[in-house]
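Since the structure comes first, as structure tokens, the remarks are kept for the end.
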Amino acid sequence: DIQMTQSPASLSASLGETISIECLASEGISSYLAWYQQKPGKSPQLLIYGANSLQAGVPSRFSGSGSGTQYSLKISSMQPEDEGDYFCQQSYKFPNTFGAGTKLELK
Amino acid sequence: EVQLVESGGGLVKPGSSLKLSCVASGFTFSSYGMHWIRQAPKKGLEWIALIYYDSSNKYYADSVKGRFTISRDNSKNTLYLEMNSLRSEDTAMYYCAKKEWGYFDYWGQGVMVTVSS
């Protein structure tokens, strides 16, 4: 199975700060990567797919980039509603696998 | 509006069985493969099962293979997960999810399964 290594495990950001979360795949995944946001007590929601395509309804301060084995999620201006857990997921090979998650908090 | 609503969770003893349901609405259920994904407390996400739109193929994670069975009833827009020989490590929130172009675009609210003596 493809291993997805996410970093950092946790992150504290100030209002308006730009943050990045990284995801490293154990082999190339050809941009078949998604990012999900999960708020406490809620189910995950798709933010980014295909490494850099924004899901409908997701604010434009979220963006994704990367290729090969290295990918990142950027939030360009941290807002209070962005607090939560973030997960990456590869859909290049079956079974699809997820990163362990990054907990993002407002400082 | 797409909705996925799970039910059937609860507290059970090790070795017991449980059957989860997921009722879908807002999309053509019979046209989509459906998945179960679980999340142990304070842990990450683990994909555990897939069923094709017509039930022709089913796939499982190694951690549940031989113990869990995924099924569906397209006439009732309902997805199922039958779980046997439950273990403490199966304790998790279980989500049903729809996939579009390789990504899980809709998730249910989740149903909690706790396996404890």
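Every number in this text was worked out from the coordinates using simple rules, so none of it is lab data. Here the structure is a predicted model, which is why all the values come from computation and not from measurement. Here the Cβ positions follow ideal geometry from the backbone for every residue, glycine too, while neighbour counts run over all protein chains shown.
Numerical summary
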{"item": "Residues B:Val5, B:Val12, B:Val113, sorted so that the one with the fewest Cβ neighbours within 10 Å comes first", "result": "B:Val5, B:Val12, B:Val113"}
{"item": "Loop sites in segment B:1-77: GluC sites (Glu not before Pro), DSSP, at most 10 other Cβ within 10 Å", "result": "B:Glu1"}
{"item": "Modelled FRET efficiency - R0 41 Å, A:Lys39 with B:Ser71, Cβ distances, 0.05 increments", "result": "0.85"}
{"item": "Size descriptor, Kirkwood hydrodynamic radius, that averages inverse alpha-carbon separations across segment B:1-51, Å", "result": "13.1"}
{"item": "Contact order relative to length of chain A, as percent, for alpha carbon pairs under 8 angstrom and 6 or more apart", "result": "39"}
{"item": "Spin-label pair B:Met112/A:Gln70, simplified geometry with 7 Å Cα→Cβ offset, distance in nm", "result": "4.1"}
{"item": "Alpha carbon Rg of segment B:29-84, scaled by the compact-globule rule 2.2 N^0.38 Å", "result": "1.15"}
{"item": "Cβ charges +1 (Lys, Arg) and -1 (Asp, Glu), total dipole of chain A, debye", "result": "120"}
{"item": "Space enclosed by the convex hull of the alpha-carbon atoms of segment B:47-117, per residue, Å³", "result": "105"}
{"item": "Shielding of B:94-102 by partner chains, average beta-carbon count, 10 Å", "result": "3"}
{"item": "At 1.002 mPa s and 20 °C, Stokes diffusion of chain A via Kirkwood alpha-carbon radius, µm² per second", "result": "158"}
{"item": "Principal semi-axes in Å for the protein assembly as shown [√(5λ), Cα gyration tensor, largest first]", "result": "29, 19, 17"}
{"item": "Whole-Hz couplings from phi, Karplus 6.51/-1.76/1.60, listed for segment B:103-117; x for Gly and Pro", "result": "10, 7, 8, 9, 10, x, 7, x, 9, 8, 10, 10, 10, 7, 7"}
{"item": "Convex hull projection area averaged over all views, segment B:1-112, Cα basis, nm²", "result": "6.7"}
